[in-house]
Amino acid sequence: LSHNISFLNKMTKTIIIMKNGIIKYQGDLLNGILQGLLPKPEIIKFIDLANKKSANLAYTLDEKELLKDIYRSVF
């Protein structure tokens with residue numbers, strides 16, 4: 001078990017969240033974060049802040065994809 005979202009993203013794209021032996025969520029890591037089931041990593045907090053300031057960035061956990069999206073939104 002890891003609490004490092006970046007590590008989890010590199011290892012898997014699908015997660016299962018269980019509590020008391022009951023599956024609470026099964027699916028994509030990014031959707032689990034956006035639904036509030038996992039803590040938001042810094043990259044998601046940055047995207048939230050940028051979008052509040054009228055940027056139009058897509059949610060991603062990949063730094064390279066974020067840089068591409070920032071470049072596209074500026075030019």
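The values are calculated or read from the model by the stated rules, or taken from the named source; none is laboratory data. Just so we're clear, the structure is a prediction, and the values are computed from it rather than from any experiment. We place every Cβ from the backbone using ideal geometry, glycine too, and count neighbours over all the protein chains shown.
Some observations on this one:
- The stretch 20-68, residues that are in contact with a helix residue (DSSP H, G or I) (Cβ under 7 Å, 6 or more places away or on another chain) and more than 19 Å from residue 8 (Cβ to Cβ): 55, 56, 57, 58
- Residue 10 vs. criteria modelled with pLDDT of 95 or more and within 20 Å of residue 65 (Cβ to Cβ): no
So that you can scan it fast, the table gives a plain yes or no per residue for (1) in contact with a strand residue (DSSP E or B) (Cβ under 7 Å, 6 or more places away or on another chain); (2) under 21 Å from residue 7 (Cα atoms):
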residue	(1), (2)
26	yes, yes
34	no, yes
42	no, yes
52	no, no
56	no, no
62	no, yes
66	no, yes
70	no, no
73	no, no
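- Qualifying positions in the stretch 17-72 - over 13 Å from the mean Cα position of the chain (by Cα), surrounded by 12 or more Cβ atoms within 10 Å (Cβ to Cβ), among the hydrophobic types (A, V, I, L, M, F, W, C) and part of a helix (DSSP H, G or I): 50, 70
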